[in-house]
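Structure, as structure tokens:
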Amino acid sequence: MSQDTFKKALAVGRPPNVVQNFPNSQALLVSGKVIDRAMIEKGQAMTIAANGRNIFIIKGALVAAQRANAAIIIEIARSEATYCPTTLWNIARRIDYLCNKLNITVPVAVHADHYFMKKWEDVAVAKAEIPSLFDAGITSIALDASHMTDDLNLLANLEVGPTIPSWAGYETEIGEIKGDFGLSSPVEAEFLCKGLNAHGMCPDWIALNNGTTHGIEASGEGIQVELTADVHKALAPYGTSGAQHGTSGNDSARLMEIAAKTQTTKANVATALQMIAWGVRVNDFGNAIMTADGKFDKVPGEGLTDEIWEEMVAYGDANGFSGGDYKKLNLPFERRWQGMDLGTRGRMAKAVEDFVYHLLVNVFNAEGTADIACDLILKAGSYDLGPKVSQFENPDDWTEEKIKTMAAEMDTDKGPSGDFDD
């Protein structure tokens with residue numbers, strides 16, 4: 001990207017909350033809408049939504065995006081604030097700091113992932129709390145009421161939607177992500193997007209339960225590409241792209257299919273990045289490789305120092321951690337990681353960088369989308385690209401009473417509870 005293009009995009013492309021938080025910054029933090037539109041413009045492309053559980057993951061992902069000249073999303077889920085040093089309220093500061101330090105010039109969206117509302121009582125909390133996230137600099141959010149029935153999912157989105165600035169990226173979700181049970185259907189996806197459109201809301205993304213899980217996936221089933229394509233086809237009139245959750249556990253070939261055959265523009269990656277930063281062996285599916293005794297296979301001399309890894313394992317054992325529980329080591333141990341020597345810190349971030357660069361360039365087809373994103377900003381002359389489609393459904397057909405009646409007539413299976421991180 002030319003410095004002239006970057007400077008022009010920087011002047012108009014940063015949303016007001018970003019300007020307020022970081023008035024003298026040279027980091028191009030943008031709305032999630034910009035990232036989505038850049039992938040659409042390139043075609044058959046999606047970018048990584050890298051889960052920034054710790055500062056080394058964020059650094060590696062940003063440098064990879066700069067190498068690939070790709071627009072990127074860095075995110076953290078609401079639930080992760082309990083066990084990660086990165087939270088919904090400091091993630092923008094961490095990203096801005098690293099962008100300025102490392103001279104990152106590609107557009108970056110700051111995404112609050114899985115802002116969940118598991119029951120209707122959570123809606124009031126969301127309405128009160130979400131404005132504070134935008135006050136802290138996020139530029140995109142996922143409202144996840146998928147644990148509730150379809151009518152309450154829609155009504156929760158409608159109730160909380162006004163707290164999201166019109167310029168910001170907006171993701172919604174159906175069919176709680178949980179593996180092989182309760183797969184999402186075109187019917188419930190249309191129900192949600194029709195109801196939102198009737199009230200002037202246009203989600204940039206929708207996340208589905210399309211046959212994957214969060215965290216460490218070992219079933220081998222993976223993402224159902226045809227199901228995903230069918231749902232996206234049904235949603236074409238509403239301008240809503242796909243957000244692929246739970247990519248850890250799917251090999252490159254499957255992810256390339258998702259990019260090529262569906263309308264997915266955002267792919268969440270969490271667990272694989274964490275393991276790679278630590279120096280744990282992973283396969284092409286992003287799954288950690290286990291030793292014969294059921295332990296993670298840490299490579300000597302890669303990632304963390306072997307001494308700190310032993311401390312982490314001991315801490316995990318003492319607290320009964322296994323498998324996915326290791327994510328809970330991020331909060332108590334990031335201080336120890338930041339206290340390691342420069343070379344070790346560098347190799348942690350470098351491992352993430354190389355993995356993310358490979359995904360962006362060779363799997364996701366996102367190379368060059370930074371230029372496209374900047375061109376979209378300059379063409380709009382604004383940080384606000386507006387909705388992809390206008391309201392065309394009749395709001396009189398989508399009153400609360402009618403929403404409840406229509407939902408009761410749909411046959412959808414929510415399945416058992418799931419996870420909310422990837």
* Structure fact -> When region 334-374 is checked residue by residue, the ones that are surrounded by fewer than 20 Cβ atoms within 10 Å (Cβ to Cβ) and not in a helix (DSSP H, G or I) are 339, 340, 341, 367, 368
* For residues that are among the hydrophobic types (A, V, I, L, M, F, W, C) and surrounded by 24 or more Cβ atoms within 10 Å (Cβ to Cβ), scanning just region 135-146, find the one that is farthest from residue 28 (Cα to Cα). => 145
* Residue identified as without any contact (Cβ under 8 Å) to a residue 60 or more places away in the chain and surrounded by fewer than 21 Cβ atoms within 10 Å (Cβ to Cβ) among 203, 186 -> 186
* For residue 80, work out the one condition from (1) surrounded by fewer than 21 Cβ atoms within 10 Å (Cβ to Cβ); (2) modelled with pLDDT under 95 it doesn't fulfil. => (1)
* Within region 308-337, considering residues that are at pLDDT 95 or above and small (Gly, Ala, Ser), the one nearest to residue 55 (Cα to Cα) -> 316
* **Sole exception among (1) touching a Gly at 6+ places or on another chain (Cβ under 6 Å); (2) of a type outside the set (Ser, Thr, Tyr); (3) not assigned by TED's automatic domain parsing to the domain that holds residue 206 for residue 296, by number** => (1)
* Just to be sure, is residue 145 more than 20 Å from residue 108 (Cα to Cα), without any contact (Cβ under 8 Å) to a residue 12 or more places away in the chain and in the same structural domain as residue 89 (by TED's automatic domain parsing)? -> no
* Listed residues 316, 323; which is in contact with a Ser or Thr (Cβ under 8 Å, 6 or more places away or on another chain) and more than 19 Å from residue 58 (Cβ to Cβ)? -> 316
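The values are calculated or read from the model by the stated rules, or taken from the named source; none is laboratory data. Source: prediction; values computed, not measured. Please note: Cβ atoms are built from the backbone with ideal geometry, for glycine as well, and neighbour counts cover all protein chains shown.
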